[in-house]
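To start, the structure itself, in structure tokens.
Please treat every number below as a calculation from the coordinates, not as lab data. Just so you know, these numbers come straight off a predicted model, no measurement behind them. Note: ideal-geometry Cβ built from the backbone for every residue, glycine included; neighbour counts use all protein chains shown.
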């Protein structure tokens, strides 16, 4: 059992417990101040450009949905408390943005003053934004650790909080940029600049943006907090390297490198996006997968000790640790026994994950302090009974179906078509 | 009322450290920025390249404010200062005609609280033959002039602002400078 990978909490984080930490009140004050500041900015935009503002908010809020779902799936086995995720999102969207607006502008000016206006024009965005923004976002993960250290019990948790802080920052920053474009266009309350900004910053650049950088920095903070089996120097070194990695990825993305190197048109724009976005995206996704798999091994290992096939079968043990296999098991249930079975498999998997977490927490609690896994054992048995009745007792994956393959191909085709439209609209063709 | 524990003290110090770092970013960096001078001398006997192949000869006695100056290949901005008077030239890619460019600039000027366009809009030409439109605007305690030119997919926007007395003193030099705006036909 790789107990150094996960440091189980002894209980769920409750607001009454969090409120005992002085940092909680400091954090609430900072989020409140950020909310006031961003409300002032939003109010000005709303008064000047009501339709464009609402369009921007709706479009970028929709953009947040797939990111949130991805992070939720990543976080399936040991769910982070919703309240803490909301705090992380609010930090990114309210605190980090409030700080970054004046600080980035000041640093950009300092580049011009200490270097030259040419240097600031070419490299200001690469030097100023990442330094300020990555610092402000990383402090959000630190703030979560300060108010609920026990909840950050794996490197993956650090990744989740970092990604959510980054997502909050990304969405609010995109809305501000979109409305800045409306103002710059000087055509009044028009949605066209909002749509153009959405295509460029949301659709084409959204994948390799603040959510990704935040995840990397969060991994470093998670390692620093969780891996107490390592020397302090190493833990600090890894955390610093992760934050520097996030900063370097951001610098590379914002830099003028390759901007003119691939010519004009949609394909050239796509080439630049891939060249600058893919290396950090692939590197960070590999890290996330590695960390996710190690955490999954730990929790599946907890369930393997039960030895009760009514709670989890060997086939389900092979499924539970992987998001794609969990999803495949739900599809197989739907194809084999209908929607009711699919829903039952979803609830079964959720209950099995919660049981694994409760088992790990029970092991971390002092002897004789009681168990809290009875509810989840009962829930698993309830869902098992439903599945048995539907003739689908084992929530395992089935053979690949043509419908799934066709659906995947269709989704890819639509994504490519939308990508091409966006590139054509923005890059010329 | 219980006393504060060592763990809570550490927690509080950590939170204050986070707050101090944020404060350093939000207030410290702008303070350092304000403490350093932004103006640089600029020659008034040779064209200053703004961006997108557009240049202008600065007015005598002007300095460049580097915080408002960002030269570039296909666009750029320059901010000159003549004492308290601001003289900014912005070059950006633009797909419309001169009338829509002027309309856009007027909207942005009047979009600022308290600013309104005054008087009629008149034609203006540079020495090099660029045709544009110019007008004036007013704000509480300040006055301003604007001019717009459109050339080969670019818009050149000129805004001048300052107190009326200062404007009256410097406007002839600035208008002479504006007439030296030139597009050499290719980006730098």
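For the reader, a short list of remarks on this structure follows.
- Per-residue mean of foreign Cβ neighbours for B:28-38 is 4 (Cβ atoms of other chains, 10 Å radius).
- Mean per-residue shielding of peptide B:64-74 is 5, counting Cβ atoms of other chains within 10 Å of each Cβ.
- Highest average packing first - B:119-128, B:54-63, Cβ atoms within 10 Å: B:54-63, B:119-128
- Normalised by 2.2 N^0.38 Å, where N is the number of residues, the C-alpha radius of gyration of segment A:305-398 stands at 1.10.
- Computed from Cα atoms, the angle from the helix B:98-111 axis to the main principal axis of chain B rounds to 40 degrees.
- Principal-axis tilt of helix A:50-74 within chain A, Cα atoms, nearest 10 degrees: 40 degrees
- Taken as Cα centroids, segment A:40-70 and segment A:216-240 sit 35 Å apart, rounded to the nearest whole angstrom.
- Every helix of 4 or more DSSP H residues in the protein assembly as shown counts as -39500 (n - 2.57), and over all residues that averages to -20500 deg cm²/dmol at 222 nm.
- Calculated log₁₀ intensity ratio I(q)/I(0) where the Debye formula runs over C-alpha points of segment A:141-188, q = 0.16, 0.33 Å⁻¹: -0.56, -1.09
- In segment B:115-188, one over the average inverse separation of all distinct C-alpha pairs is 13.1 Å, which is the Kirkwood hydrodynamic radius.
- Over segment A:85-180, the reciprocal of the mean inverse Cα-Cα separation, the Kirkwood hydrodynamic radius, stands at 14.1 Å.
- The listed peptides A:125-134, A:71-80, ordered by packing as a protection proxy, come out as A:125-134, A:71-80 (highest mean of other Cβ atoms within 10 Å first).
- Neighbour counts of C-beta atoms inside 10 Å place A:250, A:404 in the sequence A:404, A:250, starting with the fewest.
- Acute angle (nearest 10 degrees) that the helix A:232-254 long axis makes with the longest principal axis of chain A, alpha-carbon atoms: 50 degrees
- Distance from the Cα centroid of segment A:149-203 to that of segment B:132-174 is 35 Å (rounded to whole angstrom).
- The Rg/Rh ratio of segment B:39-183, with Rg taken over Cα atoms and Rh as the Kirkwood radius over Cα pairs, comes to 0.93.
- Contact order, relative form, for segment A:15-289: 23 percent (alpha carbon pairs under 8 Å, 6 or more residues apart, mean separation divided by residue count).
- Partner shielding of B:3-15 amounts to 4, given as the average count of beta-carbon atoms from other chains within 10 Å of each residue beta-carbon.
- Counting every pair of alpha carbons in segment B:1-85, the share spaced more than 18 Å apart comes to 63 percent.
- Ordered by the count of other Cβ atoms within 10 Å of each Cβ, fewest first, A:223, B:87 give A:223, B:87.
- Max-minus-min Cα coordinates of chain A on each principal axis give 69, 53, 41 Å, with the largest extent listed first.
- Residue order, fewest to most surrounding Cβ atoms within 10 angstrom, among B:92, A:326, A:192: A:192, B:92, A:326
- Computed on segment A:1-111, the Cα convex hull volume stands at 182 Å³ per residue.
- Summary of the geometry: segment A:285-317 and segment B:45-88, compared by the centres of their Cα atoms, lie 63 Å apart.
- The convex hull around the C-alpha trace of segment A:221-323, projected and averaged over every direction, spans 9.8 square nanometres.
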